[in-house]
Amino acid sequence: MQTGNIGVTTENIFPVIKKFLYSDHEIFLREMVSNAVDATQKLKTYAQKGDFKGELGDLTVRVSLDEKNGTLTISDRGIGMTAEEIDKYINQIAFSGVTDFLDKYKDSANAIIGHFGLGFYSSFMVSKKVEIVTKSYKDGAKAVKWSCDGSPSYTIEEVEKADRGSDIILYIDDDCKEFLEKQKIESLLNKYSKFMAVPVAFGKKQEWKDGKMVDTDDDNIINSVEPLWTKAPSSLKDEDYTSFYRTLYPMQDEPLFWIHLNVDYPFNLTGILYFPRIKQNIELQRNKIQLYCNQVFVTDQVEGIVPEFLTLLHGVIDSPDIPLNVSRSYLQSDANVKKISTYITKKVADRLAAIFKDDRKGYEEKWDDLKIFINYGMLSDETFYDRAKEFALFKDVDEKYFTFDEYKTLIKDNQTDKDQQLVYLYATDKEEQYTYIEAAKAKGYSVLLFDGQLDVPSVSMYEQKFEKARFTRVDGDIIDRLIVKDDAKKAELTDDEKDNLSETFRSQMPAIDKTNFNVQVEALGETAQPVIITQSEYMRRMKEMSRFQPGMSFYGEMPDSYNLVLNADHPLIKNVLSDATANTAEALKPILSELKGLNARLQVLNQEQSKKKYDELTQEEKDDKSNTQKAIDEQKAKKNQIIADNAKGNSIVHQLIDLALLQNGMLKGAALDKFLKRSVELIK
């Protein structure tokens, strides 16, 4: 028996391995199975080269549990090791046999997974003792057993072993007993080893018999699904791709389409990327791309390789050229990664452009599902925008599709305002904004439909990219102010009449939580609605953006601000004003007279005091102005109260307000019930 110390510079190497070397303890199983596959692939390469002339036989890698003895064993019939090789490759940490092998067989090596000598030592993250029972494929080789209990000391002794290959026996630690559970090991093998190039067996297939599941004689092969990305695209049919997608994502809808990646210069990369059907929440769709290294699962955190917007895609990427740390779990910053990211972006853009060119009708049919990828890409990647602007589409409320240039040509004659800005009108909900859409159509305007998750956040981007253009929601203002072509017609009312009319409606507006209303009087023509509610395009856009950009969250806390626009030309509004004037004239007469005098006095005081600096004013002068202003406010309050008392009994005022609220989905609960009862009374 040989004993000795592992060649490390510190006796603390094992605690470091156990705690810090790998981000997740479960990685050990991937490393162990990968090593077994490596050993098997090496033997196949030797056989192809004529350096091994024996029978390959069954090359299945077998994983087995012994719960009674607390062991997990990974067995292969690969090249095995001699005592000298154990000393070289196991006892000298971080010196990997892969390096020697690739130097000799770099042109024909069968997919060697490991690039580091530390993979084997991940076993000590979960084991209190590890044994290697191994026999080299070389003629006359003797079997040896290497044993280590997690300290730097080890033993090597000769043992009996009938066949070539290695058995790695892990004595699972007391705090890692979950790795002795069949279900846990099977799930990890499915996660990490599903597409390995050598069959990996774990137990036997089961069948239902005599009221229970029992083992059959057939091996339970974990990696029975063939990795589709390793095949030539020309040899595959659409059903091959969709079937493989169902294997990867059993609960997902059919994908829109896919892109088969296959490049060997200036880096090696294969894979299949699928465009899934995304319903709403894009955050739920992330981390669905699986990264493989020579058919071994590495991670589904692929932000370093795949551009941000393409993390919404599903599928697999396999590359031996992506630099990984010893755990193969995290990408390092590297020029190759940037090249791969650029390549994938170009490949996706080329595929989309080709589909658009070859089958525009089919492309348009997929657009509602596809646009979230395009929008996300254009928002987050400048170079992608430059490509996508040729195949990105606008859809209008009539379900017609246009490229950016086509739509600009469509609207430029009729939707250019007096400042020569091209105005793009859009709706976010055809039903809720129906009246506003119809008003725009009556003017001959076109209205886009922006009902996707990233449509509205894209608006600011369009305004930056498009020359002399602005976007406004179709209910952002009255129709004549959405696209102003000449000076607006003014309402032919006196200031007192405007105040009276505004206060009549303002005083009767219901209190809605976190909502403010600003009443305006406009001349909109007799055929326009009597009362319209609009919302500032700027404030609404800021509030919507606050949901996507944390730094703008304060906008989300601000109350919603709406304009209640009264159409001074409409007969109903004229009647309301006429009634209010008649019913309040007598009561308002002395108040208006008093206000006239107080306003004149305040004007005189302002003129006199404007000639002095504030600190030159006497206290008497300051008090005089303050008391005058206070008296004005008191008289205005009396005036508003008289108007409000009169408006309170005017059912037409309440009906018009409620109709405007109802049109905007803002009439609910008791207010809605009151409106319905009042409507019945008015009909009688």
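The values are calculated or read from the model by the stated rules, or taken from the named source; none is laboratory data. Keep in mind that this is a model prediction, so the values were computed, not measured. Neighbour counts run over all protein chains shown; Cβ positions are idealised from the backbone, glycine included. Just so you know, the surface numbers come from the protein's heavy atoms only, side chains and all, with ligands and any DNA or RNA stripped out. Shrake-Rupley method; radii C 1.70, N 1.55, O 1.52, S 1.80 Å.
Residue pairs exceeding 23 angstrom between C-alpha atoms, taken from LYS498/LYS677; LYS596/LYS639; LYS42/LYS128: LYS498/LYS677; LYS42/LYS128. With only the Cα atoms considered, the stretch 175-218 has a convex hull volume of 95 Å³ per residue. For the stretch 555-684, the relative contact order works out to 28 percent when only alpha carbon pairs closer than 8 Å and six or more residues apart are counted.
Across the stretch 535-684, the volume of the C-alpha convex hull divided among the residues equals 211 Å³ per residue. When you restrict to C-alpha pairs under 8 Å that are six or more residues apart and normalise by the size of the chain, the relative contact order lands at 8 percent.
A 1.4 Å probe run over the protein chains yields, for the chain, 50 Å² of accessible area per residue, whole-number rounding. Packing here is the average count of other Cβ atoms within 10 Å per residue, and on that basis the peptides 424-432, 217-225, highest first, run 424-432, 217-225. Per-residue ellipticity at 222 nm, computed for the chain from helices alone with -39500 (n - 2.57) per DSSP H run of at least four residues, works out to -12500 deg cm²/dmol. Using a simple spin-label model with pseudo-atoms 7 Å out from Cα toward Cβ, ALA637 and ALA582 lie 3.2 nm apart. All alpha carbon pair distances within the stretch 146-224 were sorted into 5 Å bins beginning at 0; the resulting P(r) in whole percents reads 3, 11, 13, 17, 17, 18, 12, 4, 2, 1, 0. Taking the accessible area of the chain, probe 1.4 Å, and keeping the other protein chains in place, the carbon and sulfur fraction comes to 47%.
Checking the a/c ratio against 1.5 first, then a/b against b/c, what shape does the Cα gyration tensor give for the stretch 202-284? It is oblate, given that a/c is not under 1.5 and a/b is not larger than b/c. Note on the chain: antiparallel DSSP beta bridges, both residues inside, total approximately 75 percent of the bridges counted. Taking the DSSP beta bridges with both ends in the stretch 375-528, the antiparallel portion is around 40 percent. The mean of 1/r over all distinct Cα pairs in the chain, once inverted, gives the Kirkwood hydrodynamic radius of 32.1 Å. If only the Cβ of Lys and Arg carry +1 and only the Cβ of Asp and Glu carry -1, the dipole of the chain around its Cα centre is close to 280 debye. A simple spin-label model places pseudo-atoms 7 Å from Cα toward Cβ; at TRP208 and ASN518 they are separated by 6.9 nm.
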